[in-house]
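Report on the structure given below.
The values are calculated or read from the model by the stated rules, or taken from the named source; none is laboratory data. This one's a predicted model, so the numbers in the text were calculated from it and none came from an experiment. Because the Cβ atoms are built from the backbone with ideal geometry, glycine has one as well, and the counts that use them run over all protein chains shown. When the accessible area is computed, the model is the full protein with side chains, heavy atoms only, and any ligands, DNA or RNA have been set aside. Shrake-Rupley method; radii C 1.70, N 1.55, O 1.52, S 1.80 Å.
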Amino acid sequence: MEIIRKIYYVLFDLVQTLVIAGAIFVVVYAFLFRPYQVSGLSMFPNFEDKEFVLTNLISLRLSSLQRGDVVVFHAPIDKNKDFIKRIIGLPGDNVGVKDGDVYVNGKKIDQSFLPSNLKTNGGTFLPTGQQVVVPEGEYFVMGDNRDYSSDSRDWGFVTRQEMIGKSFFVYWPINRIRLVEHVDIKVN
């Protein structure tokens, strides 16, 4: 009888620990942080295909978004997918692409965080040589690897409601663990 009682207490402690751990996981996953996998080359060289990043869900509620923030959002072209891109244009900004460069409010942005030979071409939504004004509550986003990125140049703006959070930590693969650095996109 004593052995059965000990087994019962061990199993009860194990179940109790699993329930508490599960509850903590649900709270963290639903309200604080969520993992996402980078899929494709649209953010290369700053993010590689198959890397896993943690995204801060509460940062959207507590702070404003800035040019250069890396965000995860529901893909405008397929709501079942999530995209990771960099914010280029804020509400009210005038964004354009000309001669391989990106302009915000009439000034060429500093893209020194990208490879020096990178040229940015227009898309179907924002053709080369044209400009768009970012509406209130919406953002203009681009991938870092502009030649391989489906982004705002092709399908338009991303609303704040579509945004999930700001990416802040790459945790997999282990040899690429790092904090996601905020890039301060300056206009020249």
Under-5 Å amide H pairs with F33, H placed in peptide plane, nonlocal only: L57
XL table K85/K186; K81/K166; K107/K186; K50/K98; Cα-Cα > 21 Å flagged, in table order, is K50/K98
Burial order of peptide ranges 136-146, 39-49 (average beta-carbon count within 10 Å, highest first): 136-146, 39-49
What's the magnitude of the charge dipole for the chain around its Cα centre, counting Lys and Arg as +1 and Asp and Glu as -1 at the beta-carbon? Answer in Debye, nearest 20. 200 debye
Charges on Cβ only, +1 for Lys and Arg, -1 for Asp and Glu, centred on the Cα centroid of the range 39-101; of I58, H74, V95, which one is farthest towards the dipole's positive end? I58
Find, among the trypsin sites (Lys or Arg not before Pro) in the range 35-126, those assigned to loop by DSSP (not H, G, I, E, B) with at most 14 other beta-carbon atoms within 10 angstrom. K50, K79, K81, K119
If you bin the C-alpha pair distances of the range 100-175 every 10 Å from 0, what whole percents do you get? 15, 44, 32, 8, 0
For I58 and Q130, what does the FRET efficiency come to when R0 = 41 Å and r is the distance between their Cβ atoms, rounded to the nearest 0.05? 0.65
Over the chain, what percent of the accessible surface lies on carbon and sulfur atoms, probe 1.4 Å? 59 percent
Would you mind calculating the gained length between I174 and W155 on full extension (0.36 nm times residue separation, minus the Cα-Cα distance), in nm to one decimal? 3.4 nm
Please compute the modelled spin-label separation between N117 and I3, points set 7 Å along Cα→Cβ, answer in nm with one decimal. 7.3 nm
So, counting K/R as plus one and D/E as minus one, what does the shell of residues with Cβ under 11 Å around T120 add up to? 0
Could you report the range 1-122's accessible area per residue, 1.4 Å probe, as an integer in Å²? 60 Å²
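What net charge do the residues around F169 carry, taking every other residue with its C-beta under 13 Å from that of F169, with Lys and Arg at +1 and Asp and Glu at -1? Before the final figure, lay out each step's value.
Details: positive: R34, K166, R176, R178; negative: E51, E181.
For residues surrounding F169, the net value is +2.
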Mind putting a number on the dipole of the range 130-188 about its Cα centre? Charges go on the C-beta only, +1 for Lys and Arg and -1 for Asp and Glu, and I need it in Debye to the nearest 20. 240 debye
Angle, helix 2-27 long axis vs. longest principal axis of the chain, Cα atoms, 0 to 90°, nearest 10? 20 degrees
Over the Cα atoms of the chain, each weighted equally, I'd like the Debye log10 I(q)/I(0) at q = 0.15 Å⁻¹, rounded to two decimals. -0.87
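Could you work out the relative contact order of the chain, using alpha carbon pairs under 8 angstrom and six or more residues apart, expressed as a whole percent?
Over the chain, the number comes to 25 percent.
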Local electrostatic count, V134, Cβ distance below 12 Å [Lys/Arg +1, Asp/Glu -1]: -1
Interchain or sequence-distant (5+) residues whose placed amide H lies within less than 5 Å of the amide H of F169 are L54, V180
Whole-number D in µm²/s for the range 17-112 (Stokes-Einstein; Kirkwood sum over Cα pairs; 10 °C, 1.306 mPa s): 100 µm²/s
